[in-house]
Amino acid sequence: MSLTTFALGDALAVQRWSDSLAIEAAKAQYFEKFIGIDANNLIVLKTDLNKGAGEKVVVGLRMKLTAPGAEGDNIIAGVNGPEEALVFHNDAVFIDQLRKSTKSKGKMTEQRVPYDLRKEGRDALATWWAEEMDEEIFFYLSGARGTSTAAHSATNWTGRANNAFAAPDADHLMYAGAATAKANLAATDIIKLSDIERFVAKSELTDPMIQPFTINGEKKYVCLMHTLQAFQIRTATSEQDWLAIQKAAGVRGDANRIYSGAMGEYADVILHKHRNVVTFDDYGTTSNTQACRTLFLGAQAGLMAYGQKDAPGRYNWFEELDDRGNALAITAGTIFGVKKARFNSKDFGVIAMDCALNRTLV
């Protein structure tokens with residue numbers, strides 16, 4: 001009798017696990033809800049390289065016209081006329097391959113435990129890839145790696161795929177409390193709800209203006225703060241603070257994915273928290289004040305691109321038996337790149353605020 005079978009490493013099985021890995025990784029990824037192909041997304045996904053060769057995608061920005069117009073019959077042409085040239089700036093996101101592998105010691109190791117190491121390997125790689133994507137987006141939007149030892153990369157990591165970190169420029173960096181610089185940030189300079197109002201005002205006065213998201217016809221922003229900052233704001237008892245605001249707040253925008261996991265909303269800013277917000281330990285006059293970088297985010301704050309055949313939802317999946325068939329090795333990889341959007345040496349969709357961080361709260 002002839003039986004249909006698929007051997008280890010068969011192309012069809014690889015495809016199945018590749019798709020499954022992508023689905024599980026997307027479920028676990030925090031920033032997945034902020035990524036999309038149109039301009040009304042926090043991370044704009046550029047698809048130019050999905051069907052062709054290349055290592056980077058160039059993105060252009062046309063600046064607004066600023067010169068006055070011609071009054072009456074005044075001549076509009078000529079050297080002294082109000083004709084104005086269009087001004088364009090550009091940015092580029094590079095891509096490169098990244099791979100991660102897991103490997104069993106051998107068949108006897110697999111015999112000792114009641115686990116399907118192939119499935120466990122898939123699940124472990126899905127978690128790793130979700131964390132990797134989130135960490136890279138945090139680092140690039142912040143323009144710094146920070147001091148967290150829980151991340152995949154070393155603390156001296158400065159980026160990948162030829163996409164270097166870019167520290168916030170002076171027009172897109174603020175400080176909480178009375179601080180005006182890294183050197184004078186004190187432990188008391190923590191984030192408050194009034195800083196959300198400062199963010200909004202700053203975003204509207206910055207040129208080019210931070211572009212909001214449009215949700216159900218309304219303009220919204222996102223503020224992404226550290227978990228401990230969220231604890232501070234939520235436990236405030238002043239009538240102007242969190243409790244009073246939540247009592248007065250209505251249910252708005254719940255159907256939009258940007259609200260998924262949000263703390264709430266204040267001044268048209270959707271408040272989010274995450275443990276991976278970039279942290280530092282060298283602020284203040286004695287260079288030992290704990291700090292974090294809170295992010296105020298609008299549309300097109302970041303750029304992402306995938307390589308040919310490695311569009312979102314696709315990973316390369318490769319299985320092989322090493323040691324003469326004794327040890328199962330599994331490798332998953334994809335070609336991608338991510339960075340903060342910057343034009344003319346200025347951040348485009350993000351304002352950072354460095355705040356003191358009290359790690360003794362919990």
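With a point put 7 Å past each Cα toward its Cβ, work out how far Phe318 is from Ile75 in nm, to one decimal.
For the pair Phe318/Ile75, the computed spacing is 6.8 nm.
Highest first, please rank the peptides 320-331, 258-269, 343-354, 25-36 by the mean number of other Cβ atoms sitting within 10 Å of their residues.
In descending order of packing, they fall as 343-354, 25-36, 258-269, 320-331.
Pairs Lys33/Lys219; Lys33/Lys100; Lys182/Lys273: which exceed 20 Å Cα-Cα?
Distance filter (> 20 Å) returns Lys33/Lys100; Lys182/Lys273.
Simple spin-label model, 7 Å along Cα-to-Cβ: Leu205 to Ala327 in nm?
6.1
Based on Cα coordinates alone, diagonalise the gyration tensor for region 284-348, multiply each eigenvalue by 5, take square roots, and list the semi-axes in whole Å, largest first.
After diagonalising the Cα gyration tensor, the semi-axes are 39, 23, 9 Å.
Suppose the chain between Asp38 and Thr214 were pulled fully straight at 0.36 nm per residue; how much longer would it get relative to their current alpha carbon spacing?
That pair, Asp38 and Thr214, stretches by 62.2 nm at full extension.
Going by C-beta contacts inside 10 Å, put Arg342, Arg99 in order with the fewest on the left.
Arg99, Arg342
Read-outs: derived from the displayed coordinates by stated rules, not from any lab. Every value quoted in this text rests on a predicted model; they were computed, and no experiment measured them. Neighbour counts are summed over all protein chains in view; Cβ atoms, including those assigned to glycine, are modelled from backbone coordinates with ideal geometry.
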